[in-house]
Amino acid sequence: MQEDESDLSGATPRRRPKKDVLEVGGRRLKPSTLMMGHGYDPALSEGSLKPPIFLTSTFVFENAAAGKRHFEGVTGKRPGGSEGLVYSRFNGPTQEILEDRLSIWEDAEEALTFSSGMSAIATLLLTFVQPGDVIVHSGPLYAATETLIARILGRFGVQWLDFPAGAERSEIEAVLARAKGMGRVPLIYLESPANPTNALVDVEAVAAARDALFGEQRPPIAIDNTFLGPLWSKPLEHGADLSIYSLTKYAGGHSDLVAGGVVGAKALVDPIRMMRNTIGTITDPNTAWMLLRSLETLELRMSRAGENAATVCEFLRHHAKVESVGYLGFLEGGADARQADIYRRHCTGAGSTFSLYLKGGEKEAFAFLDALRIAHLAVSLGGTETLASAPAAMTHLSVPDERKQALGITDNLVRISIGVEDPDDLIADFDQALAAV
Ligand SMILES: *Cc1c(COP(=O)(O)O)cnc(C)c1O
């Protein structure tokens, strides 16, 4: 929120409320507490308890010198972003409060919010990538991200190499070395857990491989943290430089908005902000306000959904019509020691999105989906309501058969995102839907 800017010589790059409470009695406040007030001073908005939605395209400058100074920040002439509010393609009070709060969860220096997860990813890539570069990424990635890297950036002479999500450090290092021989590596792009396989990436191993191969010019590591973040996975703690979100999913959490976010160190976030200023991919004030509402219950919602998923998966894994359940909570003591090890080091919870493999094929998967009465048949995830879909026939329909097979996207796969309903009601629904198969 805007504070007194009479001292225009001051180098404070971001506006903060005068009385922001970050600790009480020497105790550093937890994110779930800070979501109620951090970054906002009611006294600056007529005492309104909640931040207003500032519906304006532009902001009035105090004087001409202030306008000049603000534009120096917007255009990057002076690093650190604008000290003042300028124009709603660059910044806005509602968005800035949201960004202050989003950065809290991963203890990041800075956060930016975007009009969608994909516009966050596109803005990030446009910031760092040049023709001739070789992007190294984990695979698989969210389908639109793969399209953006391979097909769209490919049109501009950008190449890519990938390694499988669960790769060991030596394999990652070999791919990085090959990429280095082909051109400049502008960034390393990860997604963990990968969609739709739930395969985890060893971020520590990626960082170690990167550090061993690159000297001063180390490419940043960016990671799509949509599935477990920001509650159960904090990749900045494990060596990632930028954490990316589709805020449409768990952060928004009510299936009623589309937005994206990037959090990380200021030195990396600032150039992304410049690109966002230029191309206008900032989130709108109304969506930013909805996200402020959502972040207040983020921990509550994700905790409940996580507990529900554990209960439901325990039921499903023992059902006669179920072949297997791909749920991160079953990694411990499972067959894949490598994935279990990454899980132990990188995750504090199993999330609430998992893969259900039914005995049979498309016929059985469709019968199950059509019989559900509480869970809705829809793509997306992370909302308060339980959703189910068939990736092979829906989100991953256009993926070639061979690759589908390699990724385990079989016709009997049902993807489920568990919500915050009563868990026994959900079990009753899955039970009757399985009976209809
Ligand atoms: C949904 C999703 C995206 C894209 O986000 P949008 O908000 O739909 O643009 C990117 N990555 C992952 C992992 C996602 O689930």
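Of the numbered conditions (1) within 14 Å of the ligand (Cβ to nearest atom); (2) open to solvent by 10 Å² or more (accessible area, probe 1.4 Å); (3) at pLDDT below 95, Leu141 fails exactly one; give the number of that condition. Answer for Leu141: the failing condition is (2).
In the stretch 326-349, the residues that are farther than 16 Å from Ala309 by Cα and in the same structural domain as Glu314 (by TED's automatic domain parsing) reach residues that are buried (at least 19 other Cβ atoms within 10 Å of the Cβ) and of a type in the set (Val, Ile, Thr) with C-beta atoms within less than 7 angstrom, at least six apart or across chains, in these pairs: His346/Val203.
Return yes when Phe366 is in contact with a Phe, Trp or Tyr (Cβ under 7 Å, 6 or more places away or on another chain), among the aromatic types (Phe, Trp, Tyr) and either open to solvent by 30 Å² or more (accessible area, probe 1.4 Å) or in a strand (DSSP E or B) (or both) and no when it is not. Against the criterion (in contact with a Phe, Trp or Tyr (Cβ under 7 Å, 6 or more places away or on another chain), among the aromatic types (Phe, Trp, Tyr) and either open to solvent by 30 Å² or more (accessible area, probe 1.4 Å) or in a strand (DSSP E or B) (or both)), Phe366 does not qualify. From the list Ser82, Ser88, the one residue that fits, being more than 16 Å from the ligand (Cβ to nearest atom) and modelled with pLDDT of 95 or more, is Ser88. Inside the stretch 68-83, residues that are surrounded by fewer than 20 Cβ atoms within 10 Å (Cβ to Cβ) and β-branched (Val, Ile, Thr) make up a count of 1.
Give the number of residues within the stretch 223-271 that are away from the ligand (no atom under 16 Å from the Cβ) and either within 9 Å of the chain's Cα centre (by Cα) or among the hydrophobic types (A, V, I, L, M, F, W, C) (or both).
Going through the stretch 223-271, the residues away from the ligand (no atom under 16 Å from the Cβ) turn out to be 234, 236-239, 241, 264-271.
Okay, now just the ones that are also either within 9 Å of the chain's Cα centre (by Cα) or among the hydrophobic types (A, V, I, L, M, F, W, C) (or both), so 236, 265, 267-269.
Qualifying residue count for the region: 5.
Just one of the listed residues (Ile104, Ile97) is β-branched (Val, Ile, Thr), buried (at least 21 other Cβ atoms within 10 Å of the Cβ) and more than 27 Å from Tyr189 (Cα to Cα), and it is Ile97. Please indicate, with yes or no, whether at least one residue in the stretch 409-418 is surrounded by fewer than 19 Cβ atoms within 10 Å (Cβ to Cβ) and within 30 Å of Leu295 (Cβ to Cβ). No, every residue in the stretch 409-418 fails to be surrounded by fewer than 19 Cβ atoms within 10 Å (Cβ to Cβ) and within 30 Å of Leu295 (Cβ to Cβ).
If only residues of the stretch 107-126 that are open to solvent by 10 Å² or more (accessible area, probe 1.4 Å) and over 18 Å from Lys234 (Cα atoms) are counted, the one that is farthest from the ligand (Cβ to nearest atom) is Leu126.
Out of curiosity, is Val129 more than 16 Å from the ligand (Cβ to nearest atom) and open to solvent by less than 10 Å² (accessible area, probe 1.4 Å)?
No: the conditions fail for Val129.
The values are calculated or read from the model by the stated rules, or taken from the named source; none is laboratory data. Source: prediction; values computed, not measured. As a convention, Cβ positions derive from the backbone with ideal geometry for all residues, glycine included, and neighbour counts pool all protein chains shown. These area figures cover heavy atoms from the full protein model, side chains too; ligands, DNA and RNA do not enter into them. Shrake-Rupley method; radii C 1.70, N 1.55, O 1.52, S 1.80 Å.
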